[in-house]
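Laboratory data are not the source of any read-out in this text; all were calculated from the coordinates shown. What you see is a predicted model; the values in this text were computed from it and never measured. Note that each Cβ is placed from the backbone with ideal geometry, even for glycine, and that neighbours are counted across all protein chains shown.
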Amino acid sequence: MTYIRDVTALARKDLLLELRARDTLPAMLLFVVAALVVFHFALPGSSSQLASKGLLWVAIIFTALLGLARAFAAEREQGLLDGLVLAPCDRSAIWLGKTFAMLMFLVLAEVVALPLYALFYSGIGWSTIAGVALANLGICAVGTLLAAMAAASRARELMLPLLFLPLAVPIVVGGVGASVVAASGRYLALLAVYDAVFAIISWASFEYVVTE
Amino acid sequence: MWLRNNALVASAGAAAVLVCAAVVLIFFWVPVDADQGFSQKIFYFHVPIALTAYLCFGWGAWKALLHLWKRPPGADLESYVAIHLGVIFGALTLITGSIWARVSWGIWWTWSSRQLVLFLVLFLFYAAYFMLRYSVDPGPARANISAVYALFGVVLIPISFLAIRLAEDFIHPTVFTSRGPQMAGSMFFTFCVSWAAMIALATALYQLELAGKRMDRTLRELREALE
Amino acid sequence: MIRAQALSRRFGTKRVLERVDFEVPRGGFLVVTGPNGSGKTTLLRLVAGLLVPTSGTIQVDTDRSRLGFVAHEPLVYRELTALENLELYGRLYRVRERRERIGMLLERFGLWSVRNERAGSFSRGMMQRLALCRALLHDPDLLVLDEPFNALDEQGIELLDAQLEELRGTRTFLVATHDPARLDRLASGRLALA
C-alpha cells in the first residue's frame, strides 16, 4: 500500500515539475509536428502510404527520446537523486513514478501527433492505436531506466539514443507491423511480450542503477 | 588443480589443437557441397563464430548477474572481458556472413539473413555497452550499470530474433534461399569440431585478456600502495 | 551507532580516504574537520550509504528511515514551493502528522511566510534552511550534516545553533565543518582528515 502511495507521490512530483517548468512537453509537441512536416519532404512521390506509416513510428520514437532525455534532468542538475535514494521507499518506486509521468507526456504528444498524421498523410486504424498504446509502455519503461544510466555518465544526453535505439528495434517492428499488416495480432503480441519482459527487468534492476 | 591455475595455457593448447584440426577437416577432408561449391565452406566458420558470440554474451550476462547478486570482486571484469570478446566474435560473424553473401549471391549485405540482421542489432547494442562503460568513472556505480545493461542485452537476443522474424512479413526482402546444407555425417562432424575450436579459441582469448587486465589492476594497486 | 574500520574509498586512481577508523556512540556528536579535498563529503556519503567503501568496513546501526542528511546541495526541487517539497519528502519518509510537523519546522526556521513560494526564488541561506527542515522532518535518530553552517545568514546560524543544542544528546550527530570552533561546546569527539 505504501508502495503505491510512494509511486503516486513521485509521479505527482514529476507532473507538477513539468507543469511549472513547461519545457519538456512543449518541446515534444513541437518536435513531433516538425518531424511530420519534414517527413513530407522525405517521401518521394511514388512512396507508398505504408512508408509514411513507418515514418510515424520514427517520429514517435524520436519524440519519446526527446522527452526521456529530460527525464532525470532536475535530479541530475541539482543532485536530487541523492534525496530520493536516501528516502526509505523502494528505489523501484522512483522508476515507476517517473515512468508514469513520461507515459503521460508521450500520450499527450501523441494526442496531437496522431490526428495530425491522419490529416497530413492517411487515416489511422484501431490496430495502429493499439500498437501505439502498447509501444508507449515499453518505450517509457525501458527509456526511464536508460535515462537514469545516461544521467550517471559523463556523456549525458548523448548516451541515451545510443542505448535506446537497439532496444527500440522490437518496438518499431511491433508498431509498424501492427500499423501495416492486416493480421496485426502477432505484432501486438510481440509488443505485449516486450512490455512485460522489459518492464519487469527494468523495475527489478533500477535499484542497482541508482545505488552503489 | 593444475588446470585451474594454468587455465590460460590449457585453453591456449586446446585451442591450438582444435583450430588446426578444424582447418584440416574443413579444407582437406569434408566433401565440397554439391550446390554451393567451395564457398559453402565459410559456413563452417561463420556459424560456429556466431554461436560462440552468443555464448560470450551469455557468459558476460551470467557474470553480470553474479556481480549484482553476490558481489564477488572479479565478476565485473570477467563480465566486461566476456562481452568484449562477444563483440569481436560478433564483428567476425558480420564479416564472414558478408563474405559468404558476396561469394554466394554477389551482394555484400542482405537483410534476408535473420542471423545477420540480429547480429547487426546486437553489435549496436554491445557497442553502446562500451560507450557507456567509458563514459562512467570506474567504480561500483560503473560496475552496477554495466551489469544491468549486460542483462538487458541477453534478454534482447530472443526478443529481437522474434521481432526480426515477424518483420520479414512486411519488409518482403528478396529471399535468397540458403538452406543450411543437409548435414551429412562428415559435415556434422566437421561442424562440431569447428565449433569446439571456436569455443576453445574464445576461452583462450578470454583467459588471456583477463590475465592481462588483472595484471594491469595489480600493477596499479602496487603503484598506489607505494605512493 | 557508527563504527568505521580501515575505511577506504578510491575514485578511479584517486585515493580520497585511506584507512579511517572511528566510532560514534549513540547520542554522540562527532565533528569532522579537514581541508578541501580531504574527503569529508566522501566520508559522510559513506555513512549515509550513498557510497560503498573500496575496502574496510562501515557499520551504521540505523536504516534510511531514521537518517537525516544535509548535503552540499540543498536537495530541494527549485520548481516546487517549500511546502510542496516538504510534502513530497514527508510522504516518502512516512512522517506522521505530516502537515503539523511541516508547519512547525517551517515556522521554527523562519520560512512560514514564504512557504508557498518556489524554492528557486529563495536565497542560498533560505534554501539551506529548507534543507535543514527536510533533514529534520522525519525526526531522525542519526543526523549527518555536511557543512550545514555554510550558506546560512546570521539568523539562520542562530536557528541552527538552537536546534543542535536542543537535539544534542538525544540524537547522534556526524557533522563536517570548516569551522570547528563553532561546534566545540557540542562535540563529543573530533576526527581530523588529512
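Our summary gives chain B a relative contact order of 36 percent, counting only alpha carbon pairs under 8 angstrom and 6 or more residues apart.
Here C:Glu73 and C:Gln5 are evaluated by their C-beta separation; at R0 = 22 Å the FRET efficiency comes out at 0.15.
In terms of the Cα gyration tensor, with a ≥ b ≥ c the square roots of its eigenvalues, is segment A:2-210 rounded because a/c is under 1.5, prolate because a/b exceeds b/c, or oblate? Prolate is the answer for segment A:2-210, as a/c is 1.5 or above and a/b outweighs b/c.
Going by neighbour counts of Cβ atoms within 10 Å, the residues B:Glu78, B:Glu168, C:Glu165, B:Glu227 line up, fewest first, as B:Glu227, C:Glu165, B:Glu168, B:Glu78. Rounded to the nearest 10 degrees, what's the angle between the helix A:126-152 long axis and the longest principal axis of chain A, both from Cα atoms, 0 to 90? Between helix and principal axis, roughly 40 degrees.
When the pairs A:Lys13/A:Lys98; B:Lys70/C:Lys40; A:Lys98/B:Lys70 are compared against a 20 Å limit on Cα-Cα distance, B:Lys70/C:Lys40; A:Lys98/B:Lys70 fall above it. Electrostatic tally near C:Arg171: other residues with Cβ closer than 12 Å to its Cβ, Lys and Arg +1, Asp and Glu -1, net -1.
Note on A:Ile61, A:Ile4: ascending count of other Cβ atoms within 10 Å places them as A:Ile4, A:Ile61, the fewest first. Here's the picture: a label point sits 7 Å out from the Cα of A:Arg91 along the beta-carbon direction, and within segment C:48-66 the residues with their amide nitrogen under 13 Å of it are C:49-52. Spin-label model, B:Arg214 to A:Val37: label points 7 Å out along the Cα-to-beta-carbon direction sit 6.1 nm apart. Annotation for C:Arg124 and B:Ala21: the two label points, set 7 Å from Cα along the Cα-Cβ direction, are 7.2 nm apart. The aspartates and glutamates whose alpha-carbon is closer than 20 Å to the alpha-carbon of B:Lys41, local same-chain residues fewer than 8 away aside, are B:Asp33.
Taking chain C as a Gaussian network of alpha-carbon nodes connected by springs under 10 Å, the highest mean-square fluctuation of the residues C:Leu30, C:Leu51, C:Leu145 belongs to C:Leu51. Taking label points 7 Å from Cα along the Cα-to-Cβ direction, B:Phe170 and A:Ala21 give a separation of 3.4 nm. Relative to one another, the C-alpha centroids of segment B:147-162 and segment C:57-122 are positioned 40 Å apart. Helix-only arithmetic for chain B: the sum of -39500 (n - 2.57) across DSSP H runs with n ≥ 4, divided by the residue total, places the mean residue ellipticity at 222 nm at -27500 deg cm²/dmol. Between the C-alpha center of segment A:77-92 and that of segment C:160-188 there is a gap of 26 Å. For B:Lys63, the lysines whose Cα falls under 22 Å of its own Cα, not counting residues fewer than eight places away in the same chain, are B:Lys213.
Calculated from DSSP H runs of 4 or more alone, at -39500 (n - 2.57) each and per residue, what is the 222 nm mean residue ellipticity of chain C, nearest 500?
-9500 deg cm²/dmol
Can you tell me the FRET efficiency between C:Glu23 and C:Glu97 if r is taken as the Cβ-Cβ distance and R0 is 41 Å, rounded to the nearest 0.05?
On the way: r = 35 Å, r/R0 = 0.84.
Here the calculated transfer efficiency is 0.75.
The order of C:Leu106, B:Leu66, going from fewest to most other C-beta atoms within 10 Å of their C-beta, is B:Leu66, C:Leu106. When all alpha carbon pairs of the protein assembly as shown are counted in 20 Å bins from zero, the resulting P(r) reads 17, 42, 30, 10, 1 %. A straight chain from B:Tyr134 to B:Asp33 at 0.36 nm per residue would run longer than the Cα-Cα distance by 31.8 nm.
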